[in-house]
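Structure first, then comments.
Every number in this text was worked out from the coordinates using simple rules, so none of it is lab data. It should be emphasised that the depicted structure is a prediction, and the values quoted were computed from it without experimental measurement. Virtual Cβ from ideal backbone geometry, glycine too; neighbours counted across all protein chains shown.
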Amino acid sequence: MASTRRDFLRTSALASSLLLVPKFLHALDRGPGLAQLSDAPGARRLIVVQLSGGNDGLNTVIPFRNDLYYKARPTLGIKETEGILAMEKDLGLHPALKGLKGLYDQGHLAVLNSVGYPNPDRSHFRSMDIWQSGSSADQVVSTGWLGRYLDSNCPDCQRPYNALEVDDTLSLALKGSQRKGLALKNPGKFHQLKQNRLLAKVSQETTPVHQEQVDYLYKTLAETASSADYLYEKSKIYKSGVAYPNSDFGKNLKTTAELINSGVESRVYYLALSGFDTHVRQHEQQRLFTDLGDGLAALADDLKQHNQWANTVVLVFSEFGRRVGQNASNGTDHGTANNVFLLGGALQKKGVLNDAPDLANLDQGDLRHQVDFRSIYATLLKDWLGADDAAILGTGFGRLSGLV
């Protein structure tokens, strides 16, 4: 397969960095980390799935018995006869989300409607920053909520693989002020970057005489290099036989399951499915939802086979929803509040957890949010990961009692 310019730049950057790593720093892989899941009773992991582009939540969890929905969307509204997958509270899933419906029927899916934040921003970039940082609309924060989780729970950890993003680049969500996660698409390709003979020769350096800033760079590079070894060796242990969608997202989910089932001690995984900025291309939801639903169902099946589903929660979110009414082009424009999914084998609350969006009480054509997204973060941080939610998010975000 031909390399892209992005591949070249990424590979060159890492190779250039690894050239600078003295051998003595490779011992860092023996440093402290979070307690191993296998040795920590009650320890759990979180997988975050980001739907990039602003998914149309009203055509995802459909209020198919509400006339106001069809009045606002005379051509875009999905009719019950088209195969809506009925749930409770007169809501149903998009016909392509059969995988999620299967998990709902098993009690492994929870739906939260109208999730958002005050003074919502309709910019993809700004709203995604707000969701990834866990900030308010009037704040600009340079760290992510999961990066601050790493700062808070493992300030001395020397293993970037405590949080993994299965992608080429690391999102703001996984960047803390002291600790950061690690981004990789594939453990094998990531490891190959260390096998260059020139890199091996340079790494024979033994005298740690450098300035503080350079040593910090070496330390960071060494942590990355040793993580590449660890992940590559671990990834040999288990190769999944479960059928995932033949897509980039499906492959990333499969990689995630293989790392988990191989025993990789990461507490957080982060993935993205892009393409939800559909506007007049609403029909593309069919393909995207098939990828999403079938992929998550395959992930659940894979983890169940290895007793890893009950200690896993999956959070699915998008940076905003779409406006309630269809636009003049029979598409949808950027909106505000949206639905959020939680999946897992040990959810304490299941099904549709709050009321459907109130289509009779809109804010200038947009949904009003019922749930602040940071309340969900606080619940996952405190009640699932055992972290100090107030230290990570600030105060004022009440947790959702008994959710996980």
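The protection proxy used here, the mean number of other Cβ atoms lying within 10 Å of each residue, ranks peptides 333-342, 166-175, 142-151 as follows, highest first: 142-151, 333-342, 166-175.
Dimensions of the range 43-393 along the principal axes, based on C-alpha atoms and rounded to the nearest Å, stand at 73, 46, 38, largest first.
Classified by the C-alpha gyration tensor, the range 295-398 has an oblate form. Its axis ratio a/c, with a ≥ b ≥ c, is 1.5 or above, and a/b does not exceed b/c.
Descending by average beta-carbon neighbour count within 10 Å, the peptides 127-133, 322-328 line up as 127-133, 322-328, the highest first. Taking each residue as 0.36 nm, the span from Lys349 to Ser329 lengthens on full extension beyond its C-alpha to C-alpha distance by 3.2 nm.
Annotation for the range 91-132 versus the range 324-399: alpha-carbon center distance of 7 Å. Packing here is the average count of other Cβ atoms within 10 Å per residue, and on that basis the peptides 134-141, 301-308, 178-185, 56-63, highest first, run 56-63, 178-185, 301-308, 134-141. When only alpha carbons are used to place a centre, the range 53-73 and the range 223-292 end up 29 Å from one another.
Of all DSSP beta bridges confined to the range 43-393, the antiparallel ones make up roughly 40%. Annotation: aspartates and glutamates with alpha-carbon distance below 18 angstrom to Lys304 (same-chain offsets under eight excluded): Asp105, Glu258, Glu265, Asp294. Once both labels are positioned 7 Å from their Cα atoms along Cα-to-Cβ, the gap between Ser401 and Glu88 label points is 1.8 nm. Using a cut-off of 23 Å between Cα atoms, the listed pairs Lys89/Lys349; Lys180/Lys239; Lys185/Lys236 include Lys180/Lys239 as exceeding that distance.
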